[in-house]
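Everything on this sheet refers to the single structure shown next.
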Amino acid sequence: MPVDLESWFAERVPDGWFDDPPRCRADRDEILVVGTLPAGDDPETFRERTREDRVAIALTAEATFERKVSWAVRTDDLEIRFTTTSVPVMTRLRIDERRVLDTLIAGGVARSRSEALAWCVRLVGEHERDWIDEMREAAARIAEVRRKGPSPA
């Protein structure tokens, strides 16, 4: 049975760090732990004050879940990430797709094809959020149905 990441981190994060239990976003490479700071708490002061404990929690989580752990805080509507994992992704693009990336470079939007592709992915994520969320829900439902089905021989 999969571990509930939010419960796992909530059990280990000291009281008083956040207004609510931390939220987690995860993929196969990284777990991002996000907590809402109490009003008036400075993100940089929090970062320095909690560094040793955050590192200890992250090391345990990384050994347990075999993924890197990153930390972020929320203040008002702003999310401030302290650490992130940048993961290389291999892709094959045809000439028309490469031309789009090269145009972004020529226009000063990006310094490299890698940066231009990341910009495109962020743009789709921002402007097609509802559709992406529906896709995630559908994929989760498919995974659930597969788990209930017969196991391979």
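Just so it is clear, none of the values below were taken in a lab; they were calculated from the coordinates. Bear in mind that the values here come from a model prediction, so they are computed numbers and not experimental data. Reconstructed Cβ throughout: ideal geometry from the backbone, glycine too, with neighbour counts over all protein chains shown.
Couple of notes before you dig in:
- Here Asp29 and Asp130 are evaluated by their C-beta separation; at R0 = 22 Å the FRET efficiency comes out at 0.35.
- Here Rg and Dmax of the Cα atoms in Å was computed from the coordinates, and among [x] 19.1, 58; [y] 15.2, 46; [z] 14.5, 45 the match is [x].
- Where a label projected 7 Å from the Cα of Ala118 along Cα→Cβ would reach, residues of region 78-102 with amide N under 19 Å: 79-93, 98, 100-102
- Antiparallel bridges, percent of DSSP beta bridges restricted to the chain (to nearest 5): 55
- Calculated [θ] (222 nm, deg cm²/dmol) that DSSP helices of n ≥ 4 give over the chain, each run adding -39,500 (n - 2.57): -17000 deg cm²/dmol
- Extended-chain gain in nm, criterion 0.36 nm per residue less alpha-carbon gap, Arg47 and Asp102: 16.0 nm
- Of the trypsin sites (Lys or Arg not before Pro) found in region 9-48, the ones in coil according to DSSP and having at most 12 other Cβ atoms within 10 Å of their Cβ are Arg28.
- Efficiency of FRET between Phe82 and Ser151 - r from beta-carbon atoms, R0 30 angstrom, step 0.05: 0.15
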